Amino acid sequence: MTILVFVGSLLLAMAMGIPIAFALLASGVALMWHLDLFDAQILAQNVIGGADSFPLLAVPFFMLAGEIMNVGGLSKRIVDFALAVVGHVKGGLGYVTIMAGCLLSALSGSAVADAAALTALLLPMMVKAGHDKPRAAGLIAATGVIGPVIPPSIGLVIFGVAANVSISKLFLAAIVPGLLIGAALWLTWAWLVRREKIVPPPRKSSAEIFATFRKAIWALMLPVIILVGLRMGVFTPTEAAVVAAVYALFVSTVIYREITWRDLYGIFVSAAKTSAIVMFLIAAAMVSAWLITVADLPSKIVGLLEPFMGNQILLMVAIMVIVMVVGTAMDMTPTILILTPVLMPVVKAAGIDPVYFGVLFIINNSIGLVTPPVGTVLNVVAGVGKISMDDVTRGVVPFMIAEFAILFVMVAFPQLVIAPARWFGG
C-alpha cells in the first residue's frame, strides 16, 4: 500500500501537468499523510537540507562551464579539429559528430548542452553534404547521451551524493564505458552509411590538421587537467567544477576573445536559471528520499527482487529493465533521485560494486534522454535543428539500440567497467 500511495500520487501529479519538482513534493506530502507523519517543519528541513551539500556545488559550476564553452568558442574549435582529422572519410561528418561529442562530453557533462551545440554546428553541414536529415539528427541526439557518462558528469555527481558513493571513483570508472558507447555509435554509423553515395571533402594536409589542433589545444587541455587533477588527488570533483568554470572563462575571454565582459551577465543568468531548476528538483526529491527510508520501501523492493538476488547478472538485468521503462516517462535527474535510495540497498544486499552499478545506472538514465515519448535530448535536437520530433525519433532508433546493446554487454561482463576503473583509480 505504501508503494502504491507514493507511486500513484507521483504519477497523478505528473498526469495533471504539475512540474516534476512540485510533483515530488506532492507525493512526499501524500506519503507523510499515509504514514501519519505530516509536519510542515520536517518538510521544510528536508527541502533545505537536500540542497545544502558541498558536493552539489559541482552542479552549478559545471553548468556555468558548459555555458561559457558553448558561447566562448571552445565547442566550435573542437568540432573544427575533428573535421580536420576525420572529415575526409566516407560518412566523415558522422564520425566528426561522434568524435566531437566525446570531446565535448569531457568538458560540460550535460547531454542537453552537447546536443544543442552539435546540432547547431553540424546538422546543417550534414544535410548540405547529402546525409538523410532524420538519420543525422538521430546520430547527434544519440551522441549527446555520452555527455552525462564521460566525466565530468552532472548525473554522476547527483548519483554520488544521493547514494553516498565516491564521485571521483565514479568519474574514473565511467571513462571506458563512455568510449565504448562512442565506439558502438561509430560502428552503427559505418553500417548505415556504407551504401550512401556522398563524395567526402578532400583530406586535410598535415599543416591544416596541426593548425586546427593548435587552435583547439586550449579547449582540449581542460579534460586533461580535470582527470589528472582527480587522479592525483589535487582537487575534489566540486573543486574540479570550479577549475573548469574559471579555466573556460579565462580561455574564452583572454585566449579566444569571443566573450566580452558585457556577455558575462547573460551567460551567468542562463547558467543560474538552469542550475536553479536542477537544484530545486534535488531539494524536492530529498523529501521523498527521506520518506522512502522511513517507510522502509527498500526492504519491500528487496522482497520483490528476491528471486534474482542469488545471481548478480540476472538482478542487474532486472534493474536495468526497470530503469529503461521508467526512463521512457521521466527525465534523468528525477529518475536518479527517486530510484537511487530504493535500489542502492538492493545492490548492496546482492554484493554488487556500488561504483559499477552507478556507472551502468547513469548510462541507462542517459539513454533514457533519447527514448520517446519524453526524450529531453530529442526535443532539444528537434527544436535547434528545426525538424519534427517524429523524424528525430525515427533517426535515433538504430543508435539507441546500439547503446542499449553496449549497456547489456557491460551487464553481462562487469569487468569491462570494473577493471578499467581499478586501473584509473590506482
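Rule-based calculations on the coordinates, nothing more; no lab input. These figures come from a predicted structure and were not determined experimentally. Because the Cβ atoms are built from the backbone with ideal geometry, glycine has one as well, and the counts that use them run over all protein chains shown.
Per residue of the chain, the DSSP helices (runs of n ≥ 4 H) give a summed -39500 (n - 2.57) that works out to -25000 deg cm²/dmol at 222 nm. What's the local net charge at ILE209, with K and R +1, D and E -1, over the other residues with C-beta under 14 Å away? Local net charge: +3. Once the Cα atoms are used to define both axes, helix 74-86 deviates from the longest principal axis of the chain by about 60 degrees. Once the Cα atoms are used to define both axes, helix 154-163 deviates from the longest principal axis of the chain by about 20 degrees. Taking the Cα centre of segment 103-214 as origin and assigning +1 to Lys and Arg Cβ atoms and -1 to Asp and Glu Cβ atoms, the resulting dipole is close to 360 debye. Structure remark: mean-square fluctuation, Gaussian network model of the chain, C-alpha springs under 10 Å; the largest value among ALA141, ALA405, ALA116 belongs to ALA405.
Helix 354-367 and the longest principal axis of the Cα set of the chain meet at an angle near 60°.
Between ARG394 and PHE213, the modelled labels are 4.2 nm apart [label points 7 Å from Cα along Cα→Cβ]. Rounded to the nearest 0.05, the FRET efficiency derived from the C-beta distance between ILE255 and SER166 at R0 = 41 Å is 0.80.
Relative to the Cα centre, the charge distribution of the chain, modelled as +1 at Lys and Arg Cβ and -1 at Asp and Glu Cβ, gives a dipole magnitude of about 1520 debye.
Residues ASP390, ASP132 in ascending order of nearby Cβ atoms (within 10 Å, fewest first): ASP390, ASP132. Pairs of Lys residues in the chain, spaced 8 or more positions apart or belonging to different chains, with C-alpha separations under 27 angstrom: 25 in total. Springs between alpha-carbon pairs under 10 angstrom, Gaussian network model over the chain: which of GLY310, GLY72, GLY138 fluctuates most? Between GLY310, GLY72, GLY138, it is GLY310 that shows the largest mean-square fluctuation.
Of all the options VAL269, VAL381, VAL392, the one that moves most in a Gaussian network model of the chain with Cα springs shorter than 10 angstrom is VAL269.
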